[in-house]
Each structure stands twice: as structure tokens, then as C-alpha cells.
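One structure below.
Just so you know, all these numbers are worked out from the coordinates, no wet-lab data involved. What you see is a predicted model; the values in this text were computed from it and never measured. Cβ atoms come from the backbone with ideal geometry, glycine included; neighbour counts cover every protein chain shown.
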Amino acid sequence: MEYSLYPKFVLLLICFLLSAFFSGSEVALFSFDKKKLREFKKENRVVGGYLQLLLDNPKRLLVTILLGNTIVNVGASIISVVIALQIAHTLDIPQEIAILVQIALLTVIILLLCETSPKLWAQKYPFQSTRIFAIPLYWFSILFYPVSKILTDLLKIFTSRISFDKSKSVLHAEEITELANLSIEKGTIEEGEHELIHGIVSFKTVTAREIMTPRVDMISVSVDESFDELMNIINSSGHSRIPLYENSLDKIVGIIYAKDLLPFLKEPESRKLLSLRSIAREA
């Protein structure tokens, strides 16, 4: 093999690494919500600052990632074609066969090593991967800014002319249930959250007569009860709204909505100090 091939292989390897970088960063950074971002900034102030700057402009971030990935993948394609033709000439192989082999190998490498693997890793370890991706990606966003600004503005023009049917964007109960099932399979929510979501979306429309309950059979909770006991009552009763009383059932001070409890499911420490009265809605 001629010596001149080695620099091309080095450039090709760099393209593969950058492609994996952009693919992984897309999954890692866009997995952050406000809560995760706050947690990350507490642990990593410097990197968290860069991450905040990137997430403040998600359209520009997405364009930067896609632009970078496109450039390096096109670069990898061009370099691999040059390598294939040079090898074909050196080994006296038909160029058509060399190009076919090049296309097959490049497709497998990009799909497995530059797309799927980094995305799966970033999905499994979002915090660790973001520590690697955030700062370099910020400087790529500065480097690509002139082009990404034009593309972002064009994107705004195109999307502003597209009319969306809002009625079709509403999630139905079946879709929410399916999302909950997928989330628990991936480990993004816990069993208690999964059951609570299923409970909330499973309630059907009923008539007033059907929901009239004798006082002795009424499911309610005292202001002195703990959060965990409240969760047990909701799960066992299947009700999405629980009256909150003080001292006796004659003094209803509010209504607890099951969906209002979702933010506290992942915060065991705050649950211990939580007052049920503070999350109750007006009766």
C-alpha cells in the first residue's frame, strides 16, 4: 500500500469520530429538560453554563449538529471514494467493484459506529456524554454560526407557512399509555409513576349520578397524612381527585389532583417535608 494512503485514512478516521460526536450530542443534549439541566449545573457549573447557552437556542443547536454531521459524512464519502479508487489502481481491481465495496463498508461503519452506537451510549449516559459534548459543540456552533443563522432563518420562514391541525396534535389516552409503557421499559420513569399515569388516563367520562358517593363511602385524606400514604390511597381507589379535609369531613379545605403529584415522585427528600395543603386546589 502506498504511503500516500495513510494521511487519507487518518482524515477518514477523524470524519468518523466527528460523525459519532455529532450523532451522540444530538441525543444527549436534547434529552435535557429544565429539571435535569438544574441538576447538571449543580454538579458541573462550567460545562453547565455552556450547555445552557446551547439549549437557549434549540433550533440553532439542531442546525449546528445536522450541519456538522452532514459535512463530516460527505467528507468521509469523498475520502473513502478516493481511497477505493487508489487501491483499485494499485491492486489492478475494477473500479466498479472497488466503489461497491466502499459503499457497503462506509454504510455499515456510519450506521453502526457513527450513528447507532454513540446515540445509544448518549441515551444511557446523558450526563457523562454531555460533559464531553457540550464545550466542543458550543465552539462548533460559533464556527458554523454564519451558515446556521441563514439556515435557521430559512427554517423559520418555511415553518411559518405550514399550517398545523391542532386537533391532530392532541395526545389521546391510548398514546399517553403507550408512551408510559415505553418510558418504563427504557427506565426513564419508575413503577409508581407508571401506575399513576395509567390511573390518570384511565378515567372515563361519567354522569353526575355515577359519581355521587355516600359520605360514609367517600375517599378522602387528612391534611396530616404523608405523601406516601396519599399515593397508596390514589392507587388503591383509582381516583384522580381526592378531597382534603382538616379535623373532620365537614371541613374540606381543598382537592388533591393526582397529576399535581407527578413532579414530586422523583424527589424523595422534598416529599418528606411536603404539606398536602400546599398542593391542594380550591374546593
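What the table below lists for this structure:
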item	result
DSSP-assigned coil residues among chymotrypsin sites (Phe, Trp or Tyr not before Pro) in segment 1-69, each with at most 13 further Cβ atoms within 10 Å	3
Residue-wise HN-Hα coupling along segment 47-61, computed from phi with Karplus coefficients 6.51, -1.76, 1.60 (Hz; x: Gly, Pro)	5, x, x, 5, 4, 4, 4, 5, 6, 5, 10, x, 5, 5, 4
For residue 256, distant residues with modelled amide H under 5 Å away	242, 244, 281
Principal axis dimensions, segment 1-124 - Cα atoms, whole angstrom, descending	60, 23, 23
Pairwise Cα inverse-distance average, inverted: Kirkwood Rh of segment 225-267 (Å)	11.1 Å
